[in-house]
Amino acid sequence: MKIVFRLAWRNLWRQPRRTWLTTGAMIFANMLLVFMISLQFGMYSLMIDNALQVFTGHMQVQAPLYNDEKKMRQTVPNIVPLANAIREELQSDKVAARGWAFALASSDDRSFGIGIYGVEPEFENNVSNIPGLTSLGRYLGDNDAAEIVMGSVLARNLHVEVGDEITLMGSGVDGSFAAAVVNIVGIFDSGVTDIDRNIAEIPLGFFQDTFFMEGAGHQVVVFGDGLAAVPELKSRVQSVLPGDSDLVMLDWDALQPGLKQAIQADMSSAFFMYFVLVILVSFSVLNTQLMSVLERTREFGIVMALGLKPGKLGRLVILETAMMGLLGVVLGVAAGALVTAWFTTNGLAFPGMDEMAAKFNLPARMYPQINALTLLAGPITVFIFTMLASIYPAVRLHWQNPVDAMRVA
Amino acid sequence: MSAVRCVDLCKTYRQGDQDIKALDHVSIEIDKGGFVCLSAPSGGGKTTLLNAIGGLDIPDSGEVYVDGQRIDNLSKGDLADLRLRQIGFVFQAYNLIPVLTAQENVEFVMQVQGVATSERNEKAKEILKEVGLEGLENRRPAEMSGGQQQRVAVARAVASRPALILADEPTANLDSKTSDGLMELFTELNENHSSTFIIASHDQRVMNYAKRLVRMLDGRIVEDIDQRAA
Amino acid sequence: MRLLRILFRLAWRNLWRNHRRTIIMLGAIGVGVWAMIFMTALTRGMVDQMIVDSIGVLPGHVQVHHPDYQDDPSISNRMLISADDISERLDTGAVKAWASRVRVPAIITSERESRGVTLLGVDPEAEREISFFDYDEVDGRFLTDVNDKGIVIGKKLAKTLETEVGKRVVLMSQDPDNEIADRGFRVVGLYTAKTKAVEEAYAYVGRRTAQTMLRIGDATSEVVFLGDDYRNVDPIYDVAVSAVGEGLSIRPWYDIDTYLGAMLGVMDGFVLVWVVVIFLALSFGLVNTLVMAVFERVREIGLMLALGMKPGSILGQIVIESMLLITFGLAIGNALAWATVVPLESGIDVSIVGDGMEMWGMSSMLYPKLYVSDMVLASSVVLLLGFLASLSPAWRASRYEPVEAITKV
């Protein structure tokens, strides 16, 4: 067996330039695949993390249909005790209750309709990055205080600053008129214009008073240990829900159906591109191996005449391809990992990223994510297709008759 | 003026760790219209001398004149021009361009020279007839026998009427009957076209046909016989 | 000329000498070029659709506002220019349609719920060409004239508000003195848009009715101009400048929606990068093929050189062969692309990931678009780079020493 390996290896280097050019195509493709896939997955996990960390969480407990209709009366009753019970069950602080209402926010000279979250100041920073993004003033403190934090664009549009007072007007859960005067204690800047323009937060206790919630809220947000653990998370939360309630648990995918699909849409176009790349490399390998078989016709004829079975020669050709493919994988992955590693520390930016970042809540630089999957998925596919491409040249050998083969000059 | 004059040519090759003197102070003069056979055992220096005369190889020292013009100091481009316009070549093998037909191969040199289509068509047909290949004009080299291929090569070499025709072992791959035929063709062409022929060969038949026989050994001329007298 | 003819003949015949290799290479180039153009057509279609949709919703290729409107889109920043004034001064040559409207944030309240909307006070006839929905497809009816007392809202908003055609809603905004300006409207029609977000965003009322409610006389918030092609807005821009005069902010769409503007640039960049990447993947095979071709023909190249052919002609011969190969590959690739894109131009349904496409700002139908300019771009890049790639093997071939080459075994 050892001699076959040596033979295959030497055959490979009979035409070093050709071998390098073919391997070069593999290295190029593998490098590109490693980099692109790492970048892609880096971007996806950022997209998911960022999108979920604003308000969504890994899952939420809500009243049925609330997610779709967002109506004031679709409430979760006794929401604070429920949130406490979930915290207890999960032994985790990454649980927070919220209410949500639409209201007219009026300053001295401007009024805008905005969305108001009632949040638990003590826990909100465990489930949302908004508290941390409060760049002016401070975040909410007391659960019953008449305080508000709002997005930077909204503050600009209302012509207000930290310390000013504004009036909120809306309707309570029973449809009655609801109003409050609140003191602006902080302004946050999330970088996403839609959020900065339309959202404000007040303490949950004060929210419940203002909108006559009678202890109810609209959502309990829960974070677990990563996306993979969400099903388990759901079943544990389920055990705490009151038996007679019709509350539903929605995971991030149901809360933000666009997110997964946006990723799928992006992935399918990316996979189309990768596939084309792999096919082109396969052509290159097919070409090289076919040529290498054809130019050795005479030599193969001689060894076949000596009694070697065509099957053995076919295996030799496949072994040669495998060596070449392996070389491509090793060097391609190494080169790809180097390039990617550089970008994981330095980040990648291109013109137009800022605008995309502002729209999709992404940082202005992308950082690829290296792991075994992103590193090997592409190169292994290339390797498999390379091997497939060597089948035809290998099988051709079977059709050859030793005497005919030898006669070819 | 002589057709070819070589003065004190030297050429050394390295082979492995050995220096081989392919040409060792060789001087020779060949008259116009001559029919010379350079004969030597393998490695005797005949091909090197032929290549030096044909501008394919530059000697280490010495001078080469073709038709009175010194050529050993010409540039590559000028040498290419010289070969194209003044010299016809017949090689031992791989004489023809595989993708061209017999007629196209004969026309090749003329076409590169820029001869008009009708003129070179006519000439090529005429010469192919002269070398006995009438009817095979449209065959590709792979469809012809070795002798036929060599005849096409000869036809190509003389088609553009060069003053000098150089042939390197033209009969090496041919059987005796075909070789005789080829040599008769050379003799005939030498007489009809008054071109100078220099043939490098160690084939006894070729030597017999030559008017002048130059024997070489280890890069030196050891014998120079005028065979017309004989 | 005669020389060129023989070079072409040699190149052409040599190309088909090893037909298997040529066919594999043609396949690779064909697939590569197809992928270049197909992918480009898909992206172009996506971006086109995205921009056309977004401009349709914005709407307008060029918009005119009060200089402060962009920062503070309130009633304070209105324009005193009246529709009649513009109409008098307008040279309609490049302008396909135009409209002037009142556009302010407002709150819409039904018996059940309140939401923030953008109030549009429009001239129904002028808006017909610009609108993103067909008036005939509105449930109920669209507004009839500037004095219409009805309101038209999106289906999704109606569902949230639990209202329907024939029911009443109240719109509330501010007048220039910061006093509440409100008015009851009867819902006369519900429109359908491509995305739910749009269906929640806009409420249409008659322009005069809006002006009366807001107490602003003849003033409007914006004037929009629409041309034939969003890529060519300069002529419309000039018309807009002459029609509305000095002192106002006149901006093309890509200035207003920087995300869209950036996307256009990103896509152009992407197309070029994609074309070059595919070419690089192909180039290994191409160079390999040429290297093999030269290698196999060393002796005849030597022969041609010995017969007095100039090295330049040898170089030319190889380059011509490569260009012939590429040209055929391009023809195949372009034909394939044409044959696959044209049947798809009526639209590809990607509604499986519709929410995701919406997130990227695209609709759930994809309309690939084959631009001649893209085909030309891809083909020229391939020809140019192909030419450069073939220079190296061709150069090597032309540098052979005739004696060495001819005696090579």
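Quickly work out the residue B:177-to-residue B:224 label distance, labels modelled 7 Å from Cα along the C-beta direction, and quote it in nm with one decimal.
4.0 nm
Relative contact order for segment A:59-223: what is it in percent, counting Cα pairs under 8 Å that are at least 6 residues apart?
It rounds to 35 percent for segment A:59-223.
Any idea how far apart residue C:255 and residue C:268 come out in nm if each label point goes 7 Å out from Cα toward Cβ?
Going from the residue C:255 label point to the residue C:268 one covers 1.7 nm.
Any idea what Rg and Dmax come out to for the protein assembly as shown if you just take the C-alpha atoms, in Å?
Calculated on Cα positions, Rg and Dmax stand at 42.4, 138 Å.
Could you tell me which of the pairs C:149/C:194; A:71/C:167; C:159/C:194 are separated by over 22 angstrom between their Cα atoms in the structure shown?
Pairs exceeding 22 Å: C:149/C:194.
Residue B:119 label point, 7 Å along Cα→Cβ, cut-off 17 Å on backbone N: hits in segment B:190-230?
Residues passing the 17 Å test: none.
If you count the DSSP beta bridges with both ends in chain A, what percent of them are antiparallel, to the nearest 5?
Percent antiparallel among DSSP bridges in chain A is about 80.
Using DSSP, restrict attention to beta bridges with both residues in segment A:59-223 and report what percent are antiparallel, rounded to the nearest 5.
Of all bridge pairs located within segment A:59-223, approximately 75 percent are antiparallel.
Using Cα pairs closer than 8 Å and at least 6 residues apart in sequence, work out the relative contact order for segment C:278-409, in percent.
50 percent
Please report the antiparallel percentage of DSSP beta bridges with both residues in the protein assembly as shown, rounded to the nearest 5. Provide the component values of the computation, followed by the final result.
Numbers: 99 of 136 bridges.
If we restrict to bridges inside the protein assembly as shown, about 75 percent are antiparallel.
Cα axis of helix A:257-295 to longest principal axis of chain A: angle in degrees, 0 to 90, nearest 10?
Taking Cα atoms only, the helix is inclined about 10 degrees.
Counting trypsin sites (Lys or Arg not before Pro) as exposed when in a DSSP loop with at most 14 other beta carbons within 10 Å, what is the longest stretch of chain B free of them?
B:33-227
Highest GNM mean-square fluctuation, chain A, Cα pairs closer than 10 Å: which of A:73, A:110, A:87?
A:110
Name the most mobile residue of A:188, A:383, A:123, meaning the one with the largest mean-square fluctuation, in a Gaussian network model of chain A with Cα contacts below 10 Å.
A:123
Can you list the lysines whose alpha carbon sits under 17 Å from that of residue A:94, skipping same-chain ones fewer than 8 residues off?
A:234
Quick one: what are the phi-derived ³J(HN,Hα) couplings along segment B:63-70, Karplus 6.51/-1.76/1.60 with θ = phi - 60°, whole Hz, x for glycine and proline?
Once rounded to whole Hz, the list reads 10, 10, 10, 10, 6, x, 9, 6.
Determine the sum of side-chain charges near residue A:57: Lys and Arg each +1, Asp and Glu each -1, restricted to other residues whose C-beta is under 14 angstrom from that of residue A:57.
-3
Can you list the residues, at least 5 places off or on another chain, whose amide H is less than 5 Å from the amide H of residue B:20, using H built in the peptide plane?
B:13, B:14, B:15
Quick one: 3J(HN,Hα) in Hz for segment B:21-28, Karplus 6.51/-1.76/1.60 with θ = phi - 60°, rounded, Gly and Pro as x.
7, 7, 10, 10, 6, 9, 10, 7
Given an 8 Å cut-off on Cα distances and at least 6 residues of separation, report the relative contact order of segment C:60-253 as a percent. Show your work: numbers first, answer last.
Working: 451 pairs, mean separation 71.6, N = 194.
Normalised by residue count, the contact order of segment C:60-253 is 37 percent.
Once the cut-off is 27 Å, how many percent of the Cα-Cα pairs in segment A:59-223 end up in the long-distance tail?
19 percent
Loop-only trypsin sites (Lys or Arg not before Pro) in segment C:85-193, please: DSSP not H, G, I, E or B, and at most 16 other Cβ atoms within 10 Å.
Listed in order of number, the matching sites are C:96, C:112, C:128, C:141, C:149, C:167.
Kindly express, to the nearest 10 degrees and within the range 0 to 90, the angle between helix C:234-244's C-alpha long axis and the longest C-alpha principal axis of chain C.
20 degrees
In the neighborhood of residue A:268, defined by Cβ-to-Cβ distances under 15 Å, what is the net charge if each Lys or Arg adds +1 and each Asp or Glu adds -1? Walk me through the numbers before you get to the answer.
Numbers: positive: A:260; negative: A:266, C:349, C:355.
That sum, taken over residues with Cβ under 15 Å, equals -2.
Tabulate in residue order the Karplus-calculated ³J(HN,Hα) for segment C:169-176, using 6.51 cos²θ - 1.76 cosθ + 1.60 with θ = phi - 60°, rounded to whole Hz; enter x for Gly and Pro.
Taking θ as phi minus 60°, the curve returns 9, 10, 9, 9, 8, 10, 9, x Hz for segment C:169-176.
Every read-out reported here was derived from the displayed coordinates using simple, explicitly stated rules and does not represent laboratory data. Quick caveat, the model's predicted, so the values are computed rather than measured. Neighbour counts are summed over all protein chains in view; Cβ atoms, including those assigned to glycine, are modelled from backbone coordinates with ideal geometry.
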